[in-house]
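Have a look at the structure below before the remarks.
The values are calculated or read from the model by the stated rules, or taken from the named source; none is laboratory data. No experiment lies behind these values; they were computed from the predicted model shown. Note that we place each Cβ from the backbone using ideal geometry, even for glycine, and neighbour counts take in every protein chain shown. Remember, those area values only see protein heavy atoms, side chains included, never the ligands or the DNA or RNA. Shrake-Rupley method; radii C 1.70, N 1.55, O 1.52, S 1.80 Å.
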Amino acid sequence: MEHFLKHKKIALRLFILMVVVFFLNQCSSENTTFVSIADTNQAPSPQPQPVSKKVSYIALGDSYTIGQSVCVTCRFPEQLKKNLESSIPNLSVDLKIIAQTGWTTSNLIQTIREQQPTNDYKLVTLLIGVNNQYQNKEFSIYEREFPQLAQTAIVLAKGDKNNVIVVSIPDYAYTPFGQQFGSPTKTSTEIDRYNTFAKSYCDTNGITFIDITDITRQGLKEPNLVATDGLHPSEKAYSLFVERITPKASVIVQK
């Protein structure tokens, strides 16, 4: 009898242990199910939204920058702005132009002093010198004032020379007007001298120089590259300028 009771107690303990284990397993299963449901109902992580970026661009120059004889949106700074905004998502370009037909380097320097633009532009372009040549100014003036303007452009570009693009002087000898004015050969030779000096200065000082002069030298063979005044570049010519300028400008504004 004592032996029977002993086995009965052992069996009872085993039964109790099995009940406890079963209960714990049930609780664990229910908790797991609960967590799984909670995870399933959890809201998805918000996706990052594209951020709009606004950059400022100032264009310095003369008639080739202001776009004499073409529409306001046809001049090359406006076309460059449009190109950048259309090719770079969420980019907005705030454009300012300091340029006027007939300006020499001296005129541009004086106007910048008067207007005192801010020194926080992301992009600066400089195209100047044709009127120094056209007005028969001493070349020494350009030698002195172009470097001054290049350094001013750097100051306006947050002090970063990598944000500056100098554009070569177009050759108006290859236009109907240029063919009738003085000696076209002499005009081209003198413009080459100006561009050679500007490029050499830029190369020495690590400033980007983009040559567009060869485009304008197609003006007699391709009349659509000349504006209706028979002298200045057309919208088409400016679009070809912009094709060359855009790759570098795109890198600058996305830094």
Residue, nearest to Ser140 (Cα to Cα), within the range 86-119, restricted to residues that are in contact with a Leu (Cβ under 8 Å, 6 or more places away or on another chain) and outside any strand (DSSP E or B): Thr105
Across the range 50-68, the tally of residues that are open to solvent by 50 Å² or more (accessible area, probe 1.4 Å) and assigned to a loop (DSSP other than H, G, I, E, B) stands at 4
Where a residue in the range 233-255 is within 16 Å of Glu85 (Cα to Cα) and touching a residue at least 60 places away in the same chain (Cβ under 8 Å) and its partner, wherever it lies, is among the small types (Gly, Ala, Ser) and open to solvent by 60 Å² or more (accessible area, probe 1.4 Å), with Cβ under 9 Å and at least six apart: Thr246/Ser87; Ser250/Ser87
With respect to the numbered conditions (1) assigned to a loop (DSSP other than H, G, I, E, B); (2) open to solvent by 40 Å² or more (accessible area, probe 1.4 Å); (3) not aliphatic (A, V, I, L, M), which one is the sole condition not fulfilled by Asp192? (1)
The listed residue being within 21 Å of the chain's Cα centre (by Cα), part of a helix (DSSP H, G or I) and either among the hydroxyl-bearing types (Ser, Thr, Tyr) or surrounded by fewer than 21 Cβ atoms within 10 Å (Cβ to Cβ) (or both), out of Thr246, Thr204: Thr246
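With respect to Ile154, determine if the residue is assigned to a helix (DSSP H, G or I), within 21 Å of Ala99 (Cα to Cα) and over 20 Å from the mean Cα position of the chain (by Cα). Steps first, answer last, please.
Details: assigned to a helix (DSSP H, G or I): yes; within 21 Å of Ala99 (Cα to Cα): yes; over 20 Å from the mean Cα position of the chain (by Cα): no.
Judged against the criteria, Ile154 is not a match.
When residues of the range 157-182 are filtered for being in a helix (DSSP H, G or I), hydrophobic (A, V, I, L, M, F, W, C) and open to solvent by 10 Å² or more (accessible area, probe 1.4 Å), how many remain?
1
Would you say Leu126 is among the hydrophobic types (A, V, I, L, M, F, W, C) and either open to solvent by 30 Å² or more (accessible area, probe 1.4 Å) or assigned to a helix (DSSP H, G or I) (or both)? Step through it out loud before you land on a result.
Details: among the hydrophobic types (A, V, I, L, M, F, W, C): yes; either open to solvent by 30 Å² or more (accessible area, probe 1.4 Å) or assigned to a helix (DSSP H, G or I) (or both): no.
Here the answer is no, as Leu126 does not meet what is asked.
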Can you confirm whether the range 77-98 contains a residue that is of a type in the set (A, V, I, L, M, F, W, C), open to solvent by 30 Å² or more (accessible area, probe 1.4 Å) and out of contact with any strand residue (DSSP E or B) (no Cβ under 6 Å at 6 or more places or on another chain)? no
